[in-house]
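Quick note: the coordinates plus some simple rules give every number you see, no bench work behind them. As the structure is a computational prediction, the values presented were derived from the model and not from experiment. Heads up, the Cβs are rebuilt from the backbone with ideal geometry, glycines too, and the neighbour counts pull from every protein chain shown.
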Amino acid sequence: MNIPVSKPDISHLEREYALRAIENGFISGVAGEFLNRFDSEFAKFLGCKYSANCSNGTTAIHLALKALDIKKGDEVLVSTTTNMATFFAVIYCGAKPIPIDIDSITFNMCPYDLERKITKKSKAILVVHLFGHPAPMKKISEIAKKFDLKIIEDCAEVHGGEILNKKAGTFGDISAWSFFGNKILSTGEGGAVTTNNPDLYEKVLSLKSLSYGKGSNRFFHTDIGFNYRMTNVTAAIGVAQIERSKELISKRINVCRFYSENLKDFQDVFQLPVELEGYRNVYWMYHLNLTSGCLEDRLNVMNYLEESGVQTRPGFVPGHLQPVFKKSGIYNELDCPNASKIAYTTLYLPTFTTISNTEQLYVIEKLLEAKQRFLI
Ligand SMILES: *Cc1c(COP(=O)(O)O)cnc(C)c1O
């Protein structure tokens, strides 16, 4: 067996659309039917007004922060357990990311720690919907309102996730999406910024394409923009993925439920993903915590699986523990105790829509063998 941790699900439809984009000669990022279609169909999928495509999830977060005018001297409150793109985008703006601890059940931002860390410099909350389980947006929105803070949702892992039948990515002021090769909907590399606010949308459109002038001369620039464009070929793949979104999301959920059914008797050793009442978890990755494990246990389990042909990945190292920030001494291990506690004991299993039943059973068998060997 040789089972990768992730694999994109590309059908004849993606091929057909991408080929059409190439044959029509529209391969760049300023014109072509699929760019507009991707934007309007993604906005429709979410139930929001505007979606602007861009080059990837990191640039999407950067654009969202810039549209909100986040700058030097500002603090942005960020879920600490995340892909470091979330932190880096704040730093690109010259602002300081303030790591916010997570709850120990979904590993999403903890509203109590959030409120505790607000200062006069706080400008915005950058909340991550981690591993497909939406964050507690009701509480976070109440806090944002109370302290007059903007909300940016990092939606890179939550395509199709919901809270009380409302899509994740429609709760804050602006949302950033990734369509990287391993995400729930994927264009290889790709991103989008979504919002209901027409002013923010206009700013994003301008900034993502070098802020060309709108008057008589497009080379009179109105701002210092970026080239964060998506190509029409990439958008073509995206349009196909949105058309197939129902199937892609439900298949992924079924794959993860199958893992859970087969691991539910071993919850003393494995902390499994949950779905809190009122939420729809779309399980970006099947993420496990070795409840009583340590760094070495995880290494042993991952090595055993690797040798058996099963690829896994360790969970994210939270922002406040990153070596890159250590030398500046801005963060402390005690900043976020819940996140520190699981920082080196989580991993994720192969999670992709086309994994077969036989392959999944094999992953489970090898995981349980590893448990016998290393975790009792
Ligand atoms: C993947 C991911 C990103 C970065 O997206 P890219 O498209 O790889 O730039 C940002 N935030 C989170 C939470 C992610 O999972």
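Here are the numbers for the structure shown:
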quantity	calculated
Rounded Å value of the spacing that divides the Cα centres of the range 87-124 and the range 151-198	18 Å
Equivalent ellipsoid semi-axes, the chain, via Cα gyration tensor eigenvalues times 5, rooted, Å	34, 27, 17
Within-15-Å neighbourhood charge of Asn289 [Cβ basis; K, R +1; D, E -1]	+2
Helix 295-307 vs. the chain, principal-axis angle (Cα, 0 to 90°, nearest 10)	90 degrees
Over 20 Å between alpha carbons, listed pairs Lys49/Lys251; Lys145/Lys203; Lys71/Lys120; Lys96/Lys120; Lys167/Lys246	Lys49/Lys251; Lys145/Lys203
Sequence-distant residues sharing a close amide H with Ser122 (under 5 Å, placed H)	Glu75
Cα gyration tensor shape of the range 139-204, rounded if a/c is under 1.5, else prolate or oblate by comparing a/b with b/c	oblate
Span from the the range 245-281 Cα centroid across to the the range 319-370 one, whole angstrom	16 Å
Rounded to 5, the percent of DSSP beta bridges in the chain classed as antiparallel	55 percent
Sorted by Cβ density within 10 Å, fewest first, the residues Glu75, Glu16, Glu115	Glu16, Glu115, Glu75
Using alpha carbons only: equivalent-ellipsoid semi-axes of the range 80-215, gyration tensor based, whole Å	23, 19, 15
Top of Ile100, Ile125, Ile27 by mean-square fluctuation, Gaussian network on the chain, Cα under 10 Å	Ile27
Rounded to whole Hz, the Karplus (6.51, -1.76, 1.60) HN-Hα couplings of the range 147-164, x for glycine and proline	9, 6, 10, 7, 10, 10, 9, 8, 9, 4, 10, 9, 3, x, x, 9, 10, 6
Crossing angle, helix 198-208 versus the chain [Cα axis fit, 0-90 degrees, rounded to tens]	90 degrees
Karplus 3J(HN,Hα) series, Hz, for the range 211-220 with 6.51 cos²θ - 1.76 cosθ + 1.60 (x for Gly, Pro)	6, 4, x, 9, x, 5, 10, 5, 8, 8
Summed side-chain charge close to Phe270 - residues other than Phe270 whose Cβ falls under 11 Å, Lys, Arg +1, Asp, Glu -1	0
Sorted by Cβ density within 10 Å, fewest first, the residues Tyr348, Tyr112, Tyr17	Tyr112, Tyr348, Tyr17
Tilt relative to the chain, helix 33-46 - C-alpha long axis, 0 to 90 degrees, to 10	60 degrees
³J(HN,Hα), Karplus 6.51/-1.76/1.60, whole Hz, each residue of the range 112-125, x for Gly, Pro	5, 5, 4, 4, 4, 9, 6, 10, 5, 7, 4, 10, 8, 10
Contour minus Cα-Cα distance for Asp69 and Asp199 (0.36 nm per residue)	45.6 nm
Residue order, fewest to most beta carbons within 10 Å, for Ile249, Ile376	Ile376, Ile249
Cβ-defined net charge surrounding Ala176, 15 Å radius [Lys, Arg +1; Asp, Glu -1]	0
Gyration tensor verdict on the range 234-373 (Cα atoms; rounded if a/c is under 1.5, prolate if a/b is larger than b/c, oblate otherwise)	oblate
Length-normalised contact order of the chain in % [C-alpha pairs under 8 Å, at least 6 apart]	23 percent
Global form of the range 5-163, assessed from the alpha-carbon gyration tensor, a/c cut-off 1.5	prolate
